[in-house]
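The values are calculated or read from the model by the stated rules, or taken from the named source; none is laboratory data. This one's a predicted model, so the numbers in the text were calculated from it and none came from an experiment. Cβ placement follows ideal geometry from the backbone for every residue including glycine, while neighbour counts extend to all protein chains displayed. With ligands, DNA and RNA removed, areas are computed over all heavy atoms of the protein, side chains included. Shrake-Rupley method; radii C 1.70, N 1.55, O 1.52, S 1.80 Å.
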Amino acid sequence: MAAILEIEELEVNFRGFRAVDGFSMAVEEGELRVLIGANGAGKTTLMDLITGRTKSTGGKVTFLGDNITNRQEHKIARRGIGRKFQVPSVFKDLTVRENLEVAYTRSLSVWRNLAVRAKPRRVDRQIERALELSSLTEENTNLAGNLSHGQTQWLELGMVLMQNPKLVLLDEPTAGMTALETEKTSEIINSLKGEHSIIVVEHDMTFVRSICEVITVMHLGKKLAEGTVEQIENDPTVIDAYLGSGGITHA
Amino acid sequence: MQLLTRTNLQLAAYGLFIVVVMLLPLFMDVFWLNRISKYLVFGMLGIAISMSWGYAGILNLGQGLFFGFGAYMLAMSLKLASPTSLAQGSDEPVPDFMLWTSEPGAPIDLCCINQGSFLWIPFKEQWFGVAMGLVMPTLIALVLGYAMFRARIAGVYVAILTLALCLLVRLLVIDAQPLINGFNGLTDLGWFTVGGLEFDPYLVETYYLIAIITCLVLIGARWLVNTKVGVVLQAIRDNEERVRYLGYDVAVYKVFFFCISAAIAGLAGMLYVIAAEFASPTFMNIGFSISMVVWAAVGGRWSLLGACLGAILLNVVEATVSETETLVEAWQLIIGAIFLFVVLVMPRGLAGFIQQGADWGLDWLHQRVKERRIR
């Protein structure tokens with residue numbers, strides 16, 4: 001399989017502090033990659049670099065054969081990279097349905113969107129699917145600001161589904177969730193698998209085991225290790241970096 | 001029961017507003033109709049503010065700039081149509097004030113009576129003035145909006161920039177004595193004329209001209225905010241960054257609505273000139289631009305109709321109170337008190353307050369129907 005995303009020697013220098021420091025990684029088409037690492041390892045910064053939120057000071061990001069390094073955010077997004085933020089960010093003053101409608105991004109220009117509501121049937125079917133998957137069918141006319149924390153996270157996943165990007169970046173999708181909610185979330189993510197390539201940043205190892213194929217470990221802006229769950233859990237350098245024999249299971 | 005939904009109630013309110021506006025001439029004399037037509041123009045400004053501030057989250061404190069530009073563009077055409085402009089000793093119309101400041105011996109002709117007077121030549125055609133009244137505000141908004149929103153300037157900085165620009169242009173206008181009569185503005189105007197019909201401001205037809213355009217703007221604005229563009233815009237107001245990561249070019253959306261809002265303000269400026277028969281630099285005073293924001297805040301900036309009604313009601317109150325002898329000293333205090341009361345007690349404005357009441361009513365009604373069905 002061909003790599004959909006290739007990161008080469010990526011680097012960002014915040015006035016002397018290298019948050020990401022010569023990091024390289026390749027993600028294949030349809031792959032689900034988990035990114036782990038202690039706080040401050042540079043995981044979120046890496047996502048910012050991929051999506052254009054932070055401009056890199058060195059290295060290269062290639063997506064589907066195009067060099068997308070340091071392009072404008074909306075252009076990278078249009079190329080097919082979707083993102084779910086660590087802090088759930090939905091549109092609180094819009095209804096759940098409107099949130100999904102905005103996330104339907106087959107038409108992005110002002111002129112085309114003046115008319116797009118006139119032919120909603122195809123969009124409607126997709127919205128129904130996203131509502132079902134995120135278990136929000138009953139809430140569809142409620143304001144998104146009134147949803148619970150877990151529901152908000154699912155709505156954002158539903159939005160990613162509507163956006164239908166080739167590559168999805170998920171930053172801690174289970175943060176602050178109960179065990180039951182986490183289970184539901186891994187279900188949603190598993191259903192995204194295959195059709196989309198996914199990069200997930202996550203701490204919760206139970207969750208990681210339930211969804212994961214390959215793990216990349218980041219440490220101080222560099223790649224520390226890469227491999228399957230067993231390989232990583234038994235890797236001495238990883239155990240070292242995570243302060244002692246507790247290992248990443250309790251990180 | 002299916003008919004009683006939130007959207008339908010809103011549409012009914014819009015319908016009621018339009019019917020009332022259309023029937024007013026049955027109950028009022030032309031003097032009051034002329035007044036109301038000016039308030040309708042202010043209502044239109046309320047719509048423009050609601051669109052940029054309420055829907056797009058762009059607080060424009062310099063809306064008077066667009067209003068003023070629209071007003072001056074049409075006023076220039078109407079000035080040339082005035083009988084006095086034709087009585088200045090030339091076959092072609094020349095504004096009287098140009099002769100007051102012209103150098104001795106300067107030819108009495110727009111081409112060269114003073115350095116900038118040639119700019120007036122195309123305004124001999126009334127429709128050129130009308131077109132410019134829409135094009136100029138839109139163009140300024142396009143350039144200003146593009147510069148601001150590309151650079152991701154937002155919030156209070158937009159307010160400061162727009163305010164400053166408005167004041168700057170006001171100074172330039174006051175300074176341009178030979179060109180547009182500076183501080184005194186353009187007065188002694190001719191009438192706006194369409195196909196032989198002269199729109200004397202004290203004519204029912206003039207009231208209808210303004211009323212119909214206001215209603216069309218209201219309907220158009222309502223349609224626009226309900227398209228997907230409108231929904232995306234509200235999403236931008238909520239969380240700009242998130243919208244960007246969905247692939248929308250946020251700046252383009254903001255510029256688009258900034259321009260629409262400016263065009264509406266320009267149109268309002270032109271209609272005001274028709275109703276009030278003058279254009280002056282006071283249109284670009286800070287106080288006026290801030291008043292517009294106050295109208296929208298009182299009426300409810302998240303509702304186009306609310307902001308429109310807020311403008312009309314506050315002006316009616318202002319007129320009645322300031323003309324009541326016992327209150328003549330205190331009318332500004334009363335307006336201020338209304339503003340404070342509404343902002344403190346109803347943070348979403350009158351429209352938001354009424355909407356909330358209607359929502360409760362609907363919930364209660366639906367509950368009752370459900371209970372009856374169970375029984």
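So here's what we get for this one:
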{"quantity": "Loop chymotrypsin sites (Phe, Trp or Tyr not before Pro), the range B:248-280 (other Cβ atoms within 10 Å of the site Cβ: 14 or fewer; DSSP)", "calculated": "none"}
{"quantity": "Rounded accessible area per residue of chain B, 1.4 Å, Å²", "calculated": "45 Å²"}
{"quantity": "Positive dipole terminus of chain A, leading residue within A:Pro165, A:Ala2, A:Val217 (C-beta point charges)", "calculated": "A:Pro165"}
{"quantity": "Accessible surface, 1.4 Å probe, highest first, among residues A:Cys212, B:Cys112, B:Cys166", "calculated": "B:Cys112, A:Cys212, B:Cys166"}
{"quantity": "Given charges at beta-carbon only (K, R positive; D, E negative), |dipole| of the range B:6-374 in Debye", "calculated": "2020 debye"}
{"quantity": "Computed E for A:Glu11/B:Val143 - FRET, C-beta separation, R0 35 angstrom, nearest 0.05", "calculated": "0.40"}
{"quantity": "The range B:6-374 pair-distance distribution - Cα-Cα, 10 Å bins, rounded %", "calculated": "5, 22, 30, 24, 13, 4, 1, 0, 0, 0"}
{"quantity": "The protein assembly as shown - Cys residues lacking any other Cys C-beta under 4.7 Å", "calculated": "A:Cys212, B:Cys166, B:Cys215, B:Cys259, B:Cys308"}
{"quantity": "Net charge dipole size for the range B:210-262 [Lys, Arg +1 and Asp, Glu -1 on Cβ; Debye, nearest 20]", "calculated": "100 debye"}
{"quantity": "Angle between chain B longest axis and helix B:331-345 axis [Cα atoms, degrees, rounded to 10]", "calculated": "30 degrees"}
{"quantity": "Acute angle (nearest 10 degrees) that the helix B:6-23 long axis makes with the longest principal axis of chain B, alpha-carbon atoms", "calculated": "40 degrees"}
{"quantity": "24 Å Cα-Cα threshold exceeded, pairs from A:Lys84/B:Lys228; B:Lys38/B:Lys79; A:Lys55/A:Lys92; A:Lys60/A:Lys92", "calculated": "A:Lys55/A:Lys92; A:Lys60/A:Lys92"}
{"quantity": "Crossing angle, helix A:149-163 versus chain A [Cα axis fit, 0-90 degrees, rounded to tens]", "calculated": "80 degrees"}
{"quantity": "Loop-resident sites, the range B:283-352, for GluC sites (Glu not before Pro), counting at most 15 other Cβ within 10 Å (DSSP)", "calculated": "B:Glu329"}
{"quantity": "D (Stokes-Einstein, µm²/s), Kirkwood Cα radius, the protein assembly as shown, 1.567 mPa s at 4 °C", "calculated": "46 µm²/s"}
{"quantity": "Rounded, prolate or oblate (a/c below 1.5 giving rounded, otherwise prolate when a/b exceeds b/c) for the range B:198-248 by Cα gyration tensor", "calculated": "prolate"}
{"quantity": "Charged-residue dipole, Cβ positions (Lys, Arg, Asp, Glu), the protein assembly as shown about Cα centre, Debye nearest 20", "calculated": "1000 debye"}
{"quantity": "Spin-label pair B:Glu125/B:Thr187, simplified geometry with 7 Å Cα→Cβ offset, distance in nm", "calculated": "3.2 nm"}
{"quantity": "Solvent-accessible surface (1.4 angstrom probe) belonging to A:Leu114, in square angstrom, nearest 10", "calculated": "40 Å²"}
{"quantity": "Percent carbon-and-sulfur accessible area, the protein assembly as shown, ignoring ligands, DNA and RNA, probe 1.4 Å", "calculated": "61 percent"}
{"quantity": "Selected from A:Ser134, A:Ile189, A:Ser109, residue furthest toward positive end of dipole (the range A:80-201; charges at beta carbon)", "calculated": "A:Ser109"}
{"quantity": "Area hidden from solvent between B and A (accessible, protein heavy atoms only, 1.4 Å, total, Å²)", "calculated": "2700 Å²"}
{"quantity": "Neighbour cut-off at most 15 other Cβ (10 Å), DSSP loop, chymotrypsin sites (Phe, Trp or Tyr not before Pro), the range B:1-108", "calculated": "B:Phe27"}
{"quantity": "Chain B, helix-only ellipticity at 222 nm - DSSP H runs n ≥ 4, -39,500 (n - 2.57), divided by all residues, nearest 500", "calculated": "-22500 deg cm²/dmol"}
